[in-house]
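The values are calculated or read from the model by the stated rules, or taken from the named source; none is laboratory data. Nothing here was measured: the structure is a model prediction, and the numbers come from that model. All Cβ positions, even for glycine, are placed from backbone atoms using ideal geometry, and neighbour counts span all protein chains on display. These accessible areas exclude ligands, DNA and RNA; they are computed on the full protein's heavy atoms, side chains included. Shrake-Rupley method; radii C 1.70, N 1.55, O 1.52, S 1.80 Å.
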Amino acid sequence: MQTTTIATVLDKIINQQQLPLEQVIERYFSPAYRQRTNGIREDREGFTQHAGKLREISVGAKIDVLDELRTGPLYATRHRVLCTKRDGTEVLMEVYMFAELDDAGRFLRIEETTLMLEGSEGDRHLGSAK
């Protein structure tokens, strides 16, 4: 089983935009993937749309994992993402994430809450933008 980390996955989605998004999703997200971000629920297709939107508006991101815990298939982090948008502005989000991985090491489920630390009011929902 591969050891999947949120830093690796976000790096592939945001910073390695030359990689086909479908390839990244297939490698790191189970077909049965479900996510809830700030109360908004979506399946893998909805998340793929969100990841595509992140690529559309971002030129890069710095991911800092502040806390990380893992036991069996359960994985939790507190991490910050400093996202540089195509217009040059930056958004700093802190994310509290609880996840479960499948037997292949892909995300099966993520429950997360985001907190914008820096950015404009229009960036507040970046964690669920589509």
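Work out the count of Lys pairs in the chain where the Cα-Cα distance is under 15 Å, with the pair 8 or more places apart or on different chains. List each step's numbers first, then the result.
Values: 12/53; 12/62; 53/85; 53/130; 62/85; 85/130.
Going through the chain pair by pair, I get 6.
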inquiry  = What is the distance in Å between the Cα centroid of region 88-109 and that of region 42-76?
reply    = 4
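Rounding to the nearest 20 debye, state how big the charge dipole of the chain is about its Cα centre with +1 on each Lys and Arg Cβ and -1 on each Asp and Glu Cβ. It would help to have the intermediate numbers written out before the result.
Working: 18 positive and 21 negative charges, 30 e Å.
Roughly 140 debye for the chain.
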task = Springs between alpha-carbon atoms under 10 Å, Gaussian network over the chain: tell me which of 112, 68, 22 tops the mean-square fluctuations.
result = 22
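Taking the solvent-accessible surface of protein heavy atoms with a 1.4 Å probe, what is the per residue accessible area of region 60-130 in Å²?
Values: 3820 Å² over 71 residues.
Accessible area per residue, region 60-130: 54 Å².
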task = Principal axes first, then extents: for the Cα atoms of the chain, list largest minus smallest coordinate on each axis, whole Å, largest first.
result = 40, 29, 24
task = May I ask for the angle, rounded to the nearest 10°, between helix 44-57 and the longest principal axis of the chain, with both axes built from Cα atoms and the value confined to 0 to 90°?
result = 30
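Give the ranking of 40, 57 by solvent-accessible surface, highest area first, calculated with a 1.4 Å probe.
Values: 40 80, 57 40 Å².
Greatest to least solvent exposure: 40, 57.
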